[in-house]
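The values are calculated or read from the model by the stated rules, or taken from the named source; none is laboratory data. Given the structure is predicted, the values throughout are model-derived calculations rather than measurements. Don't worry about glycine lacking a Cβ; one is built from the backbone with ideal geometry, like all the others, and counts go over all protein chains shown. To get the accessible areas, we keep the full protein, side chains included, count just its heavy atoms, and leave off ligands, DNA and RNA. Shrake-Rupley method; radii C 1.70, N 1.55, O 1.52, S 1.80 Å.
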Amino acid sequence: MTSGMKLIIGASLLMLLLIAWSESALLRVAYGLFMVLIGGYLLTNLDALRRQMAGYQEQIDRVNLICDELDQNTKIIVQTDLELTRTQESLDKKIAGLYVLHELSREILAVRTVENLCRVVTEAVVTRLGFERSILCLVAADHPGRPRIAATSGFEPEEARKLNLSGLIEMVRNPVLNPGESLFFVPEEGQAPASRVGPAAGVRCFAVVPIALNNQPSGFLLTGNNPPYPRLETGDVELLSILASEVGVAAENLELYEALKRSHDELEERVKERTAELARANEELTRLNKMKSDFVSAVSHELRTPLTSIKGYASLVRAGKLGAVTKDQGERLEKIGRHTDYLSNLISDLLDIARIESGRVGMEIRKVDLARVADTVSDLLMPQLKEKNLTLKVEVPSKLPVLQADESRLQRVLINLLSNAIRFTPADGVITVSAAPGPEFLQINVIDTGLGIAPADLPKLFTEFFRADNPVNRERKGTGLGLTLVKRIVEAHGGKIWVNSVPGKGSTFSFTLPWQPPLKPAMGVP
Ligand code: ADP
C-alpha cells in the first residue's frame, strides 16, 4: 500500500467520525463528494496497486526459485561429502595397506626359504591386510598344472586339507597364469557366483593376481571374503598386485640363494672329501719318503765303507807301494781315485738330504756371525777363484742383528751356491755375496755374472738330480743334488730360496733365514 492511499483511508475515517458527531446535511454532502473523489482516486490507482502486487509475487517466485536451488545445492554438497568420506576411507585403507606392504617387504628380506616366504605372505594377507582367506601357489616349471609350493591362511585345517589346488590352478590358468592378468569377482546381493573359483576357494567375492618369476607367470595369490567381511574393491587388486610382484622378486632371489647355497654346500663337501684324500695321500707320501730316506741312508752307509777301501787301495797302488806302476796304469788308478771322490761326494750329499728329510739329525742352532762364515767359505774356495781369476765381493753389513742358525749347514749352503757360481762364471768375472737385513728375516744373495739359466729350467732347478744341459755341465760331472740340499737346509731353518736369472748375463740365488728359526725346525719334504 502506497503512503498516498494510507493518507486517503486515514482522511476518510476522520471525515466519517466528524459526520457521525455533527448531524449537518452539508457535511454529509461534503462527505459524499469527498467519497466520490476518493473513489475516483482509488480507481485511478488500482492498476498501480495491481502492478505492485504482481511485482511482489515475482519477488516471491524468485525467492522460491533461489530456495529450490539452495535445496539442490545442499543435496549435492551432502552427496559430495558422502563421496569424499568414501574416497577418504578407501584412501586410508590404501595407505594402511601400503604401510603393511612396506613392513612386510622388510620381513620378506629376512626369510630364507620360498616355503617360508609363501607362509609369511598368506598369513599377513589375513592378519594384517584384513582379508578372510588367502592362498599362494607357485606352479612347477616343468609341470605348470601341478602346485610346486603352496600356503593357505584363514582356512580351517580340514578345509585347507581338502583344497584342490590342481583344480584351482586349472580354473585360474586363463587369464591369470596365461597371459598373466588379474581376476576380480564381486557379485551383487543375491547374484549367483559366475566363476567356479569362488566356491572352490570357499569365498563369495575374490581377487586372483598373478606372481611372475623371471618375467614368467609362475603362480598366483588368491584372496577372498564372505559376509560379514567387506566386499573387495578394485583398490584391493592394486594392493595385492604390488604384493604379488614383491613375492615374485623375493622368490626369484631366494631360489638363486638356495641354488647358490646348494652348490656352496656341495663344493664344501667336495673340498672336505678332497682335503681328507689329500691328507691321506700326504700321510702316504710322508711314509714313502721316510722309507726312501731310510733306504738311501742305509745304502749310502753300506757303500761308503767299500768305497773308502777302494780309494785307499787305489792310491796305495798308484803310489807304487805294491810294486812299480806303469804310466798307463797310473792314469787308470788316478781315474779310479776321481770316480771314488765323485761317488763319495754323491753319497755324502744323499746322506745329508736323507738325514734332514727324516729329521734324524737335529739342527745345532747357535748365534752365527755371517761375515765370519762368508770369510771362511771364501778362504776355502780361494783356489777355484784364483784358477779362473774371479773376483769375490762380500757385502755383509758390519752391524747385523743376532742371527741364530746351524753354522756348519749355513756354511754348506754358501759353499754349494758359490761353487756353482764359480763353475758357471767365465774367467775374470765377478761374484758377489750380499746380505740385506729385514724385520723378520735376513736375506742373503749370491750373484754371479755367468751363463745364466734358461727360463724353462727354472722350475726344475731345486729338484733332485736335475742338471741343465749346457757346455759347462757336459764337461764336468755333477750329482744334481747340491741345490736340493741347499733348499732342504734353508727350509729346515724356516726360510725360503728362489732364483732370478738372465741367460748370458748371470744368476742371483737369494734365500732368507729368520733371525730366530722356529723351535722345532721344519724339515723339508720334497
Ligand atoms: P750340480 O752342481 O751337481 O750340477 P746342483 O744341484 O748344484 O747340482 O745344480 C743343479 C743345476 O743347476 C746345475 O747343473 C746347473 O745346470 C744349474 N745351476 C746351478 N747354479 C747355477 C748358476 N749359478 N748358474 C747357472 N746354472 C746353475
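Using mean Cβ contacts within 10 Å as the protection proxy, how do 460-467, 405-412 order, highest first?
405-412, 460-467
Taking K and R as +1 and D and E as -1, what net charge do the other residues with C-beta under 15 Å from the C-beta of Pro397 add up to?
0
What ratio of Cα Rg to 2.2 N^0.38 Å holds for segment 398-526?
Working: Rg = 14.8 Å, N = 129, 2.2 N^0.38 = 13.9 Å.
This ratio for segment 398-526 stands at 1.06.
Among Leu17, Gly32, Leu381, which residue has its Cα positioned farthest towards the positive end of the charge dipole of the chain, with +1 placed on the Cβ of Lys and Arg, -1 on the Cβ of Asp and Glu, and the dipole taken about the Cα centre?
Farthest along the dipole direction, towards plus: Leu381.
Quote the accessible area belonging to Met35 in square angstrom, nearest 10, computed with a 1.4 Å probe and with ligands, DNA and RNA left uncounted.
Answer for Met35: close to 70 Å² accessible.
Say the dipole of segment 263-366 comes from +1 at the beta carbon of Lys and Arg and -1 at that of Asp and Glu; which of Thr326, Thr308, Asn345 then lies farthest toward its positive end?
In segment 263-366, that residue is Thr326.
Excluding Asn214 itself, calculate the net charge of residues whose Cβ lies under 12 Å from the Cβ of Asn214, where each Lys or Arg counts +1 and each Asp or Glu counts -1.
On the way: positive: none; negative: Glu252, Glu255.
Spelling it out: positives minus negatives among the neighbours equals -2.
Going by average Cβ density within 10 Å per residue, which order do the peptides 238-247, 378-387 take, highest to lowest? Write down the numbers at each step before the final one.
On the way: 238-247: 20.0, 378-387: 12.7.
Ranking, from highest mean packing down: 238-247, 378-387.
Determine the gain in length on full extension of the stretch Lys460-Arg332; use 0.36 nm per residue of separation and subtract their C-alpha separation, reporting nm with one decimal.
Here the answer is 42.5 nm.
Mean 1/r over all different Cα pairs, inverted: what Kirkwood radius does the chain give, in Å?
Taking every pair of different Cα atoms in the chain, averaging 1/r and inverting gives 35.9 Å.
If you wrap a convex hull around the Cα atoms of segment 365-417, how much volume per residue is inside, in Å³? Write down the numbers at each step before the final one.
Values: hull volume 3.8 nm³, N = 53.
So the per-residue hull volume is 72 Å³.
Quick one: grab the alpha carbon gyration tensor of segment 15-97, order the square roots of its eigenvalues as a ≥ b ≥ c, and give me rounded if a/c is under 1.5, else prolate or oblate depending on whether a/b is larger than b/c.
Prolate is the answer for segment 15-97, as a/c is 1.5 or above and a/b outweighs b/c.
Classify segment 326-434 as rounded, prolate or oblate from the Cα gyration tensor: take a ≥ b ≥ c as the square roots of its eigenvalues, call it rounded if a/c is under 1.5, otherwise prolate when a/b beats b/c and oblate if not.
Because a/c hits 1.5 or more and a/b fails to exceed b/c, segment 326-434 counts as oblate.
Heavy atoms only, 1.4 Å probe, whole protein assembly: order Ser315, Ser501 by accessible area, highest first.
The ordering from most to least exposed comes out as Ser315, Ser501.
If I model a spin label at Arg128 and Arg86 as a point 7 Å from the Cα along the Cα→Cβ vector, what separation in nanometres do I get?
Going by the 7 Å Cα→Cβ label model, 3.0 nm.
Based on Cβ point charges of +1 for Lys and Arg and -1 for Asp and Glu, what charge dipole magnitude is obtained for the chain about its Cα centre, in debye rounded to the nearest 20?
For the chain, the charge dipole is close to 3360 debye.
If you place +1 on the Cβ of every Lys and Arg and -1 on the Cβ of every Asp and Glu, how big does the dipole about the Cα centre of segment 206-318 come out, in debye to the nearest 20?
1500 debye
Using modelled amide H (1.01 Å from N, peptide plane; none on Pro or chain starts), what sits under 5 Å from the amide H of Arg204, excluding residues fewer than 5 places away?
Result for Arg204 returns Asn225, Asn226.
Relative to the present Cα-Cα distance, how much length would full extension add between Asp341 and Glu475 at 0.36 nm per residue of separation? Numbers along the way, then the final one.
Working: separation 134, 0.36 × 134 = 48.24 nm, distance 1.69 nm.
Difference between extended and current length: 46.6 nm.
Per residue, how many Å² of accessible area does segment 84-190 show with a 1.4 Å probe?
58 Å²
Among the complete DSSP H segments of the chain, which ones combine at least 24 Å of alpha-carbon extent along their axis with a mean Kyte-Doolittle hydropathy of -1.0 or more?
TM-like helix candidates: 3-21, 25-110, 234-318, 327-358, 407-424.
Rounded to a whole number, what % of the accessible area of segment 234-323 do carbon and sulfur atoms account for, probe 1.4 Å?
Roughly 63 percent, rounded to a whole number.
Mind checking the full-extension length gain between Asp47 and Asn289? Use 0.36 nm per residue of separation minus the Cα-Cα distance, one decimal, nm.
Stretched out fully, the Asp47 to Asn289 stretch lengthens by 72.6 nm.
So what is the relative contact order of segment 171-227, in percent, for Cα pairs below 8 Å that sit 6 or more residues apart?
It rounds to 35 percent for segment 171-227.
Pairs of Cα atoms under 8 Å, at least six residues apart: use those to get the relative contact order of segment 13-166, whole percent.
Contact order relative to length: 11 percent.
Using a 1.4 angstrom probe with every protein chain in place, what is the largest-first accessible-area order of Trp498, Trp515, Trp21?
The ranking, largest first, comes out as Trp21, Trp498, Trp515.
Rg(Cα) of segment 252-297 divided by 2.2 N^0.38 Å?
Rounded to two decimals, the normalised Rg is 2.06.
Using R₀ = 51 Å, calculate the FRET efficiency as 1/(1 + (r/R₀)^6) where r is the Cβ-Cβ separation of Leu13 and Lys75; round to 0.05.
Details: r = 52 Å, r/R0 = 1.02.
So, using R0 = 51 Å, E works out to roughly 0.45.
Students often check this: by mean Cβ neighbours within 10 Å, which of 431-438, 302-309, 281-288, 486-493 ranks highest, and how do the rest follow?
Numbers: 431-438: 17.6, 302-309: 12.5, 281-288: 10.8, 486-493: 23.6.
The most tightly packed comes first, giving 486-493, 431-438, 302-309, 281-288.
Evaluate the distance, in nm, between pseudo-label points positioned 7 Å from the Cα of Thr376 and of Glu188 along their respective Cα→Cβ axes.
It works out to 11.5 nm between the two label points.
If I ignore ligands, DNA and RNA and count only protein heavy atoms, how much of Arg338 is accessible to a 1.4 Å probe, in Å² to the nearest 10?
Approximately 130 Å² for this residue.
Quote the FRET efficiency, to the nearest 0.05, computed for Glu103 versus Ala281 with a Förster distance R0 of 56 Å and r equal to the Cβ-Cβ distance.
The calculated FRET efficiency here is 0.50.
Between Arg270 and Ala298, what is the FRET efficiency for a Förster distance of 51 Å, r being their Cβ-Cβ separation, to the nearest 0.05?
Details: r = 41 Å, r/R0 = 0.81.
Rounded to the nearest 0.05, the efficiency is 0.80.
Which percent of the accessible heavy-atom area of segment 126-229 goes to carbon and sulfur, probe 1.4 angstrom?
The computed percentage sits at 49.
Checking the a/c ratio against 1.5 first, then a/b against b/c, what shape does the Cα gyration tensor give for segment 94-204?
Oblate.
Using a 1.4 angstrom probe and counting only protein chains, how large is the accessible area of Thr508 in Å², to 10?
It works out to around 40 Å².
Before anything else, pin down the relative contact order of the chain: Cα pairs under 8 Å, at least 6 apart, normalised by residue count, whole percent. Before the final figure, lay out each step's value.
Values: 644 pairs, mean separation 43.1, N = 526.
With pairs under 8 Å counted, the relative contact order is 8 percent.
Work from the charge dipole of segment 162-290 (Cβ charges, +1 for Lys and Arg, -1 for Asp and Glu, about the Cα centre) and give the residue of Asn253, Ala207, Leu183 farthest towards its positive end.
Positive-most Cα among the choices belongs to Asn253.
Determine the distance separating the Cα centre of segment 442-502 from the Cα centre of segment 223-264; give it in Å without decimals.
68 Å
Counting Lys and Arg as +1 and Asp and Glu as -1, each charge on the Cβ, what is the dipole of segment 365-434 about the Cα centre in debye, to the nearest 20?
Taking the Cα centre of segment 365-434 as origin, the dipole is about 140 debye.
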